[in-house]
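So the structure is just underneath, and the comments pick up after that.
The values are calculated or read from the model by the stated rules, or taken from the named source; none is laboratory data. As the structure is a computational prediction, the values presented were derived from the model and not from experiment. Quick reminder, even Gly has a Cβ in these numbers, built from the backbone with ideal geometry, and neighbours come from all protein chains shown.
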Amino acid sequence: MRVMRQVWKENYCVFGVRKMHAFLNTHELGVGHVARCTVERLMRRMDIRGVSRRRTRHVTASAPRHACPLDLVNRHFGAHDLNELWVADCQVLGFVEACLGRFLSCCCVLVFCLLWCDQELRAVTGLQLAKIEIVLRVMISHELGRVDPYIHLSPHKLGKKAWDKVNVRPTEQYSEWLDKYSLSVVRSNEDSVIHYKKKYDAILPVWVAVHVLDWGGLRLLYGFARDEQRKAIAQQLNISESQLSSWLHCLNEVRNVCAHHGRLYSRTFPKSPMLTGEDHELGFLRRFVLDDVKEGNRKEKKGKCFAQFTIIQYLLSKMNLEGINDLPHLLHKFPEVSPVSVKDLGVPENWEELPLWNGDMYSCPPQAMSYSQG
């Protein structure tokens, strides 16, 4: 440090880090090789610097800190539930209103309300879909396993989407599905999968394999089944096999949004679920969509979440699962502050009076969800 200060003074105090580093390593001063980072650190410690061609050196000077006032009233700035009024610091709001106006303050409150409501909506929807997914795994694996416990590994025993009878080989879609399934088995750490890995060379029966698949893989496995198998599964829910395929696809998109923390509020999905006939228990949903077409609101209503939410309510009822009142309770608590409205979810005016939303649940016949041996 003494040598560096002496060199700096002898050169009129103009040497910066670059020139000081070059001077120390090209002159025999008895200090040996000096790294550039060492020169920077020592010059910074001695508070010496070179002359810059810039007129001024820009630095950030922090303002002096003032003592914060004591909280004498135990203020609370959080809301425990939706549609609940909370107070904020008057000094902060006063500063915002003074600088940016009342409009920005209102926008901030609306944004926080929307984020909170959408988070609750994702959580409740994801929980209901998880229950439905477990029951669907049981239904699909039971129906396919009646034919062959390893039918998912035998494409010639599946439908036309899995086996190409003309070329006598598996289809490309099934081959891609099989590759993803095999990779999922290798990566799985489930106790049941580990058991079959040790004793049966990772050859899983279909009732174990379905628990390795995600929703998308389960949907494809249902599509690979034969027509009579898909009809038998769909009849347990009192719908057709094409409707169940469409529902699985649409609910898969909703599940992905919930799983990846996307936005459900006012989201428009690219594909709408296939509707039932007017004489069906869900016929009111079809009438609701057709009325919107006549009124010219189809562009606004199509692809919104209400149709998917109604299907979730229907499946919860048919599968005798708990939580059918969770979604209606959440929509009731949705804030109605302009321009935020529950109608942005595609909800109609009288949604509280519609079946499955008014507290009246359809009871599932015992024979519909029973599994006969044969």
request  = Identify, by number, the condition in (1) farther than 24 Å from Val138 by Cβ; (2) crowded, with 17+ Cβ neighbours inside 10 Å that Arg263 doesn't meet.
outcome  = (2)
ask   = Phe23 is checked against (1) aromatic (Phe, Trp, Tyr); (2) at pLDDT below 85; (3) farther than 30 Å from Phe334 by Cα and fails just one. What number does that condition carry?
value = (2)
query = Does Arg226 qualify as being of a type outside the set (Ser, Thr, Tyr), touching a Leu at 6+ places or on another chain (Cβ under 7 Å) and within 27 Å of Ala123 (Cβ to Cβ)?
reply = no
query = Which residue pairs have Cβ atoms closer than 9 Å, lie 6 or more positions apart in sequence or on different chains, and pair a first residue in region 132-158 that is surrounded by fewer than 19 Cβ atoms within 10 Å (Cβ to Cβ) with a second residue that is assigned to a helix (DSSP H, G or I) and of a type in the set (S, T, N, Q)?
reply = Arg146/Gln229; Val147/Gln229
inquiry  = I'd like the full set of residues that are surrounded by fewer than 15 Cβ atoms within 10 Å (Cβ to Cβ), polar (S, T, N, Q) and either over 18 Å from Asp214 (Cβ atoms) or in contact with a helix residue (DSSP H, G or I) (Cβ under 9 Å, 6 or more places away or on another chain) (or both), limited to region 160-187.
reply    = Asn167, Gln173, Ser175
key: Within region 230-260, tally of residues that are on the phi < 0 side of the Ramachandran plot, surrounded by 15 or more Cβ atoms within 10 Å (Cβ to Cβ) and part of a loop (DSSP other than H, G, I, E, B)   = 4
ask   = Of all residues in region 333-349 being in contact (Cβ under 8 Å) with a residue 12 or more places away in the chain and farther than 15 Å from Leu114 by Cα, which is surrounded by the most Cβ atoms within 10 Å (Cβ to Cβ)?
value = Gly346
task = Report, by residue number, each residue of region 151-202 that is among the polar types (S, T, N, Q) and either on the phi > 0 side of the Ramachandran plot or not in a helix (DSSP H, G or I) (or both).
result = Ser154, Asn167, Thr171, Ser188, Asn189
remark   = With criteria (1) out of contact with any helix residue (DSSP H, G or I) (no Cβ under 6 Å at 6 or more places or on another chain); (2) not in a loop (DSSP other than H, G, I, E, B), Met139 comes up short on (1)
request  = Find the helices (runs of 4 or more DSSP H) located wholly in region 261-348 whose residues include 3 or more that are at pLDDT below 85, and list them.
outcome  = 283-295, 298-301
